[in-house]
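For reference, the structure discussed in these notes is given below.
The values are calculated or read from the model by the stated rules, or taken from the named source; none is laboratory data. Not measured: the values here are computed from a predicted model. Every residue, glycine among them, receives a Cβ derived from its backbone with ideal geometry; neighbour counts consider all protein chains shown. With ligands, DNA and RNA removed, areas are computed over all heavy atoms of the protein, side chains included. Shrake-Rupley method; radii C 1.70, N 1.55, O 1.52, S 1.80 Å.
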Amino acid sequence: MTLLLAWAAFDDGKTDPSAVYITTDSRISWGNNSTWDYAQKVFCIPITKEIFGYCGDVMCVTQTLSQIVQLGNLGGFNSLPTTLNRVELYADLIKDALISYPKEQIVSSSSIIYIQRHINSYNVFEIIISKEMVVTINKIEFTRNVKPSEKKERTDRIIRGSGASTFRGKVPPDTTYQAFHRFCECIDDVNLPSVGGVPQVVTIRRNGHCLLLGINKNGDNRVLGLPVQAPDLFSGINEWKNENFERWDPKQNQLVIGAKKQPKA
(Lines give C-alpha, C1' and ligand atoms only; values in the text may rest on other atoms or scores of the structure.)
Protein backbone atom coordinates (compact mmCIF):
# COMPACT_ATOMS: atom_id res chain seq x y z
CA MET A 1 0.00 0.00 0.00
CA THR A 2 1.05 3.61 0.28
CA LEU A 3 0.90 6.92 2.04
CA LEU A 4 0.25 9.79 -0.36
CA LEU A 5 0.15 13.47 0.56
CA ALA A 6 -0.58 16.32 -1.84
CA TRP A 7 -0.63 19.91 -0.66
CA ALA A 8 -0.65 23.53 -1.77
CA ALA A 9 1.77 26.12 -0.37
CA PHE A 10 0.68 29.76 -0.16
CA ASP A 11 2.75 32.94 0.10
CA ASP A 12 1.64 35.78 2.36
CA GLY A 13 -1.17 37.77 0.78
CA LYS A 14 -1.55 35.40 -2.18
CA THR A 15 -4.62 33.34 -3.05
CA ASP A 16 -2.90 31.41 -5.84
CA PRO A 17 -0.57 28.72 -4.40
CA SER A 18 3.13 29.38 -4.87
CA ALA A 19 3.60 25.65 -5.46
CA VAL A 20 1.80 22.34 -5.19
CA TYR A 21 3.47 19.10 -4.13
CA ILE A 22 2.78 15.38 -4.24
CA THR A 23 4.80 13.05 -2.04
CA THR A 24 4.55 9.31 -1.44
CA ASP A 25 6.52 6.63 0.33
CA SER A 26 8.51 4.06 -1.71
CA ARG A 27 7.22 0.77 -0.29
CA ILE A 28 5.33 -2.11 -1.85
CA SER A 29 4.04 -4.62 0.68
CA TRP A 30 2.52 -8.07 0.32
CA GLY A 31 0.21 -10.09 2.53
CA ASN A 32 3.06 -12.34 3.72
CA ASN A 33 4.75 -9.31 5.37
CA SER A 34 7.28 -8.99 2.54
CA THR A 35 8.22 -5.42 1.57
CA TRP A 36 10.23 -3.64 -1.15
CA ASP A 37 11.26 0.01 -0.85
CA TYR A 38 12.19 0.85 -4.46
CA ALA A 39 8.80 1.43 -6.11
CA GLN A 40 8.21 4.57 -8.17
CA LYS A 41 4.95 6.24 -7.13
CA VAL A 42 5.28 9.82 -8.39
CA PHE A 43 5.63 10.97 -12.00
CA CYS A 44 5.92 14.22 -13.94
CA ILE A 45 5.57 15.54 -17.49
CA PRO A 46 7.53 18.84 -17.38
CA ILE A 47 6.70 20.00 -20.91
CA THR A 48 2.98 20.16 -20.11
CA LYS A 49 3.35 20.94 -16.38
CA GLU A 50 1.71 17.76 -15.08
CA ILE A 51 2.43 15.69 -11.98
CA PHE A 52 0.97 12.41 -10.72
CA GLY A 53 1.06 10.33 -7.56
CA TYR A 54 -0.66 7.02 -6.86
CA CYS A 55 -1.55 4.72 -4.02
CA GLY A 56 -3.28 1.36 -3.77
CA ASP A 57 -3.01 -1.71 -5.98
CA VAL A 58 0.42 -1.69 -7.58
CA MET A 59 0.97 -3.58 -10.79
CA CYS A 60 -1.69 -2.37 -13.21
CA VAL A 61 -1.65 1.27 -12.13
CA THR A 62 2.10 1.75 -12.07
CA GLN A 63 2.61 0.05 -15.43
CA THR A 64 -0.12 2.03 -17.20
CA LEU A 65 0.84 5.31 -15.54
CA SER A 66 4.48 4.80 -16.58
CA GLN A 67 3.34 4.33 -20.18
CA ILE A 68 1.16 7.45 -20.08
CA VAL A 69 4.00 9.56 -18.69
CA GLN A 70 6.49 8.20 -21.23
CA LEU A 71 4.14 9.14 -24.08
CA GLY A 72 3.47 12.53 -22.49
CA ASN A 73 7.16 13.34 -22.27
CA LEU A 74 7.44 12.55 -26.00
CA GLY A 75 4.72 15.12 -26.71
CA GLY A 76 2.03 12.54 -27.37
CA PHE A 77 -0.76 14.55 -25.70
CA ASN A 78 0.28 18.09 -26.64
CA SER A 79 -2.76 18.61 -28.86
CA LEU A 80 -5.24 18.22 -25.98
CA PRO A 81 -6.47 21.75 -25.17
CA THR A 82 -7.71 21.40 -21.57
CA THR A 83 -6.79 19.61 -18.37
CA LEU A 84 -10.16 17.85 -18.37
CA ASN A 85 -9.44 16.50 -21.88
CA ARG A 86 -6.19 15.06 -20.56
CA VAL A 87 -7.52 13.47 -17.40
CA GLU A 88 -10.43 11.92 -19.30
CA LEU A 89 -8.03 10.42 -21.84
CA TYR A 90 -5.77 9.09 -19.07
CA ALA A 91 -8.78 7.50 -17.36
CA ASP A 92 -9.82 5.91 -20.68
CA LEU A 93 -6.33 4.49 -21.18
CA ILE A 94 -6.46 2.97 -17.70
CA LYS A 95 -9.89 1.51 -18.46
CA ASP A 96 -8.52 -0.06 -21.67
CA ALA A 97 -5.59 -1.57 -19.76
CA LEU A 98 -7.94 -3.05 -17.16
CA ILE A 99 -10.04 -4.93 -19.74
CA SER A 100 -7.52 -7.74 -20.06
CA TYR A 101 -6.09 -7.51 -16.53
CA PRO A 102 -6.82 -10.59 -14.35
CA LYS A 103 -9.57 -9.56 -11.95
CA GLU A 104 -8.29 -11.91 -9.25
CA GLN A 105 -5.02 -9.92 -9.18
CA ILE A 106 -6.73 -6.70 -8.10
CA VAL A 107 -6.36 -6.80 -4.33
CA SER A 108 -7.43 -3.25 -3.48
CA SER A 109 -8.71 0.00 -4.92
CA SER A 110 -6.27 2.60 -6.28
CA SER A 111 -6.14 6.37 -6.42
CA ILE A 112 -4.18 8.67 -8.72
CA ILE A 113 -3.81 12.33 -7.76
CA TYR A 114 -3.23 14.39 -10.90
CA ILE A 115 -2.29 18.10 -11.03
CA GLN A 116 -1.61 20.38 -13.98
CA ARG A 117 -0.62 24.04 -14.07
CA HIS A 118 -2.73 25.39 -16.93
CA ILE A 119 -3.51 29.01 -17.87
CA ASN A 120 -2.27 30.38 -14.54
CA SER A 121 -4.20 27.97 -12.33
CA TYR A 122 -3.71 24.56 -10.74
CA ASN A 123 -6.20 21.93 -11.89
CA VAL A 124 -6.46 18.96 -9.53
CA PHE A 125 -8.24 15.66 -10.21
CA GLU A 126 -8.41 12.24 -8.62
CA ILE A 127 -8.77 9.11 -10.75
CA ILE A 128 -10.20 6.29 -8.63
CA ILE A 129 -9.97 2.65 -9.69
CA SER A 130 -12.21 0.45 -7.56
CA LYS A 131 -11.46 -3.16 -6.70
CA GLU A 132 -14.22 -4.02 -9.16
CA MET A 133 -12.23 -2.14 -11.89
CA VAL A 134 -14.67 0.79 -12.11
CA VAL A 135 -12.83 4.02 -13.01
CA THR A 136 -14.19 7.39 -11.87
CA ILE A 137 -12.89 10.98 -11.95
CA ASN A 138 -13.34 13.59 -9.21
CA LYS A 139 -12.29 17.24 -9.38
CA ILE A 140 -10.58 18.61 -6.26
CA GLU A 141 -10.06 22.26 -5.29
CA PHE A 142 -7.07 23.57 -3.36
CA THR A 143 -8.29 26.47 -1.22
CA ARG A 144 -6.54 28.70 1.25
CA ASN A 145 -7.50 27.86 4.81
CA VAL A 146 -7.10 30.03 7.90
CA LYS A 147 -7.21 28.75 11.47
CA PRO A 148 -10.02 30.81 13.06
CA SER A 149 -8.40 30.89 16.50
CA GLU A 150 -4.97 32.06 15.33
CA LYS A 151 -5.65 33.64 11.94
CA LYS A 152 -2.77 31.52 10.73
CA GLU A 153 -2.45 30.17 7.21
CA ARG A 154 -2.54 26.42 6.71
CA THR A 155 -1.54 24.26 3.81
CA ASP A 156 -4.47 22.61 2.06
CA ARG A 157 -3.84 18.90 1.62
CA ILE A 158 -5.05 15.61 0.17
CA ILE A 159 -4.24 12.43 2.10
CA ARG A 160 -4.66 8.94 0.71
CA GLY A 161 -3.46 5.39 1.34
CA SER A 162 -3.10 2.90 4.14
CA GLY A 163 -1.23 5.41 6.32
CA ALA A 164 -3.81 8.20 5.94
CA SER A 165 -5.47 7.73 9.32
CA THR A 166 -2.10 7.86 11.08
CA PHE A 167 -1.24 11.14 9.36
CA ARG A 168 -4.65 12.61 10.20
CA GLY A 169 -4.13 11.61 13.82
CA LYS A 170 -1.14 13.94 14.14
CA VAL A 171 -1.35 17.65 14.98
CA PRO A 172 -2.49 19.32 11.73
CA PRO A 173 0.49 20.92 9.98
CA ASP A 174 0.42 24.65 9.29
CA THR A 175 3.34 24.85 6.84
CA THR A 176 4.94 22.88 4.03
CA TYR A 177 7.85 22.05 6.34
CA GLN A 178 5.58 20.65 9.05
CA ALA A 179 3.50 18.67 6.54
CA PHE A 180 6.54 16.96 5.07
CA HIS A 181 8.18 16.30 8.43
CA ARG A 182 5.01 14.66 9.75
CA PHE A 183 4.84 12.63 6.56
CA CYS A 184 8.36 11.35 7.34
CA GLU A 185 7.25 10.51 10.89
CA CYS A 186 4.52 8.28 9.44
CA ILE A 187 7.06 6.52 7.23
CA ASP A 188 9.17 5.79 10.32
CA ASP A 189 6.18 4.50 12.34
CA VAL A 190 6.80 0.81 13.11
CA ASN A 191 3.04 0.36 13.47
CA LEU A 192 2.65 1.10 9.75
CA PRO A 193 4.45 -1.83 8.07
CA SER A 194 2.75 -1.10 4.73
CA VAL A 195 4.46 2.32 4.55
CA GLY A 196 8.22 2.81 4.32
CA GLY A 197 11.35 3.76 2.41
CA VAL A 198 12.46 7.28 1.49
CA PRO A 199 9.83 9.82 0.32
CA GLN A 200 9.42 10.75 -3.34
CA VAL A 201 8.37 14.29 -4.26
CA VAL A 202 7.21 16.10 -7.39
CA THR A 203 6.17 19.74 -7.54
CA ILE A 204 4.79 22.41 -9.86
CA ARG A 205 5.67 26.03 -9.12
CA ARG A 206 3.56 29.09 -9.89
CA ASN A 207 5.97 29.94 -12.72
CA GLY A 208 5.17 26.57 -14.33
CA HIS A 209 8.41 24.82 -13.44
CA CYS A 210 7.74 21.11 -12.91
CA LEU A 211 10.39 19.36 -10.82
CA LEU A 212 11.30 15.96 -9.44
CA LEU A 213 13.01 16.49 -6.09
CA GLY A 214 15.85 14.49 -4.61
CA ILE A 215 15.38 13.59 -0.94
CA ASN A 216 17.87 12.97 1.85
CA LYS A 217 16.47 11.04 4.80
CA ASN A 218 18.73 9.94 7.65
CA GLY A 219 21.79 10.50 5.46
CA ASP A 220 20.41 8.46 2.54
CA ASN A 221 20.20 10.35 -0.78
CA ARG A 222 17.45 8.94 -3.02
CA VAL A 223 15.39 9.79 -6.08
CA LEU A 224 12.15 7.88 -6.75
CA GLY A 225 13.18 5.38 -4.09
CA LEU A 226 16.55 4.63 -5.72
CA PRO A 227 19.82 5.35 -3.89
CA VAL A 228 21.88 7.97 -5.72
CA GLN A 229 25.68 7.78 -5.64
CA ALA A 230 26.87 9.01 -9.06
CA PRO A 231 27.86 12.72 -9.07
CA ASP A 232 26.18 13.19 -12.47
CA LEU A 233 22.83 12.26 -10.94
CA PHE A 234 23.32 14.86 -8.22
CA SER A 235 23.71 17.49 -10.96
CA GLY A 236 20.72 16.15 -12.92
CA ILE A 237 18.29 16.76 -10.04
CA ASN A 238 17.94 20.52 -9.64
CA GLU A 239 16.59 20.59 -6.10
CA TRP A 240 17.15 18.45 -3.01
CA LYS A 241 15.43 18.48 0.39
CA ASN A 242 16.02 16.68 3.68
CA GLU A 243 13.37 15.16 5.96
CA ASN A 244 12.63 18.61 7.41
CA PHE A 245 12.17 20.00 3.87
CA GLU A 246 15.28 22.14 4.16
CA ARG A 247 17.46 22.75 1.08
CA TRP A 248 20.06 20.00 0.87
CA ASP A 249 23.45 19.63 -0.83
CA PRO A 250 23.82 15.90 -1.70
CA LYS A 251 27.46 16.24 -2.75
CA GLN A 252 28.52 17.68 0.61
CA ASN A 253 25.80 15.78 2.49
CA GLN A 254 24.77 18.88 4.41
CA LEU A 255 22.37 21.82 4.24
CA VAL A 256 22.94 24.19 1.32
CA ILE A 257 25.05 27.11 2.51
CA GLY A 258 22.68 29.85 3.64
CA ALA A 259 19.64 27.56 3.67
CA LYS A 260 16.98 28.50 6.20
CA LYS A 261 16.76 25.97 9.02
CA GLN A 262 13.28 24.91 10.03
CA PRO A 263 12.18 23.96 13.54
CA LYS A 264 11.16 20.35 13.97
CA ALA A 265 7.41 19.99 13.55
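Pick from Asn207, Asn73, Asn221 the residue whose mean-square fluctuation is largest in a GNM of the chain, springs joining Cα atoms under 10 Å.
Asn207
Assigning unit charges at the beta carbon (Lys, Arg +1; Asp, Glu -1) and nothing else, what dipole magnitude in debye, to the nearest 20, does the chain show about its Cα centre?
Values: 30 positive and 27 negative charges, 124 e Å.
In total the dipole reaches around 600 debye.
Taking a temperature of 4 °C and a viscosity of 1.567 mPa s, what whole-number D in µm²/s does Stokes-Einstein yield for the stretch 1-109 with Rh from Kirkwood over alpha carbon pairs? Could the numbers behind the result be given before it?
Numbers: Rh = 15.8 Å.
For these conditions, the coefficient is 82 µm²/s.
On a 1.4 Å probe surface of the protein chains, which of Arg168, Arg205 comes out largest in accessible area, and what is the full order? Let's see the in-between values first.
Numbers: Arg168 140, Arg205 50 Å².
The ranking, largest first, comes out as Arg168, Arg205.
Determine the gain in length on full extension of the stretch Lys260-Glu88; use 0.36 nm per residue of separation and subtract their C-alpha separation, reporting nm with one decimal.
Values: separation 172, 0.36 × 172 = 61.92 nm, distance 4.09 nm.
Extending this stretch completely gives an extra 57.8 nm.
Averaged over all directions, how much area does the convex hull of the C-alpha atoms of the stretch 67-203 cover when projected, in nm²?
Values: hull surface 42.7 nm².
The Cα convex hull of the stretch 67-203, projected and averaged over all directions, gives 10.7 nm².
What does the extension gain come out to for Arg205 and Gln67, with contour length at 0.36 nm per residue minus their alpha carbon separation?
Working: separation 138, 0.36 × 138 = 49.68 nm, distance 2.45 nm.
Length gained, Arg205 through Gln67: 47.2 nm.
Indicate the gyration tensor shape class of the stretch 176-242 (rounded, prolate or oblate), computed on the Cα atoms with a ≥ b ≥ c the square roots of the eigenvalues: a/c under 1.5 is rounded; otherwise a/b larger than b/c is prolate and the rest oblate. Walk me through the numbers before you get to the answer.
Values: a/c = 2.42, a/b = 1.33, b/c = 1.82.
Oblate is the answer for the stretch 176-242, as a/c is 1.5 or above yet b/c matches or exceeds a/b.
Quick check: residue separation of Met59 and Thr136 times 0.36 nm, minus the Cα distance between them. What number comes out in nm?
Values: separation 77, 0.36 × 77 = 27.72 nm, distance 1.87 nm.
Extending this stretch completely gives an extra 25.8 nm.
Of the cross-linked pairs Lys103/Lys131; Lys217/Lys241; Lys170/Lys217; Lys41/Lys103; Lys95/Lys131, which ones have a Cα-Cα span greater than 18 Å in the structure shown? Don't skip to the answer; put the middle values down first.
Values: Lys103/Lys131 8 Å; Lys217/Lys241 9 Å; Lys170/Lys217 20 Å; Lys41/Lys103 22 Å; Lys95/Lys131 13 Å.
As for pairs spanning more than 18 Å Cα to Cα, those are Lys170/Lys217; Lys41/Lys103.
Hey, how much of the P(r) for the chain falls beyond 35 Å, as a percent of Cα pairs? It would help to have the intermediate numbers written out before the result.
Numbers: 4321 of 34980 pairs.
Percent of Cα pairs beyond 35 Å in the chain: 12.
Under a 10 Å cutoff between Cα atoms, tell me which one of Glu104, Glu88, Glu141 has the largest fluctuation in the Gaussian network model of the chain.
Glu104
Can you give the FRET efficiency for Lys103 and Glu185, using 1/(1 + (r/R0)^6), R0 = 45 Å, r = Cβ-Cβ distance, to the nearest 0.05?
Values: r = 37 Å, r/R0 = 0.81.
Computed FRET efficiency for Lys103 and Glu185 comes out at 0.80.
With an 8 Å Cα cut-off and a minimum separation of 6 or more residues, compute the relative contact order for the chain in percent. Could the numbers behind the result be given before it?
Values: 554 pairs, mean separation 61.4, N = 265.
For the chain, the relative contact order is 23 percent.
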